[in-house]
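**Q** Have a look at this one before I ask anything.
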Amino acid sequence: MKHIAPLFCLFAILVTPLNAQTYVSVVEQDSTTSLVLGLVLQRSFDYNVRNFRMVYNTTGVFGEPTVASGLLTLPSDLANAYPMTVYSHGTVTDIDLVPGNEVPGNLERLLIQGLGASGYITVAPD
């Protein structure tokens, strides 16, 4: 009997439908060169970076459907395989300063691009 409960829980998890995120749009933004990032962040980088703003459907904390966005950075040399990382920022007081927005003075966006320029595929949800 005690072996049935874990098997039942596993079965229940496997057959429960999961609501995955679905993308709405992906828009390429301005690319960033390793030279510019190096001057701003005070270190050398190996790759230029391609930036994409992603908009996708997801569910909110109470299970309601909502639309979310984020930034995807890719090293510009796609001939290699790269590791992937996620940058999760804290709460922002100004919606313009989320990673997916191209606004002057968005320093977190530079950090995410620095990860991309170091050879990481980086996702940063807004």
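**Q** Being assigned to a strand (DSSP E or B), surrounded by 15 or more Cβ atoms within 10 Å (Cβ to Cβ) and out of contact with any Gly (no Cβ under 6 Å at 6 or more places or on another chain) is the filter here; which residues of the range 22-65 pass it?
**A** 32, 50, 51, 52, 55, 56, listed by residue number.
**Q** How about the range 66-95: which of its residues are part of a strand (DSSP E or B), open to solvent by 60 Å² or more (accessible area, probe 1.4 Å) and at pLDDT 90 or above? Working first, answer last.
**A** Just the residues of the range 66-95 that are part of a strand (DSSP E or B), to begin with: 66-75, 84-86.
After this cut, where a residue has to be open to solvent by 60 Å² or more (accessible area, probe 1.4 Å) as well, the list is 67, 84, 86.
Selection gives 84, 86.
**Q** Would you say residue 119 is at pLDDT below 85, small (Gly, Ala, Ser) and not in a helix (DSSP H, G or I)?
**A** no
**Q** Can you find a residue that is modelled with pLDDT of 90 or more, aliphatic (A, V, I, L, M), closer than 18 Å to residue 113 by Cα and under 18 Å from the mean Cα position of the chain (by Cα) anywhere in the range 33-53?
**A** Yes, the conditions are met somewhere in the range 33-53.
**Q** What are the residues in the range 1-16 that are open to solvent by 100 Å² or more (accessible area, probe 1.4 Å) and at pLDDT 55 or above, if any?
**A** 4, 8, 11, 13, 14
The values are calculated or read from the model by the stated rules, or taken from the named source; none is laboratory data. Quick caveat, the model's predicted, so the values are computed rather than measured. No Cβ is skipped: glycine too gets one built from the backbone with ideal geometry, and neighbour counts run over all protein chains shown. Side chains included, ligands, DNA and RNA excluded: accessible areas come from the protein's heavy atoms. Shrake-Rupley method; radii C 1.70, N 1.55, O 1.52, S 1.80 Å.
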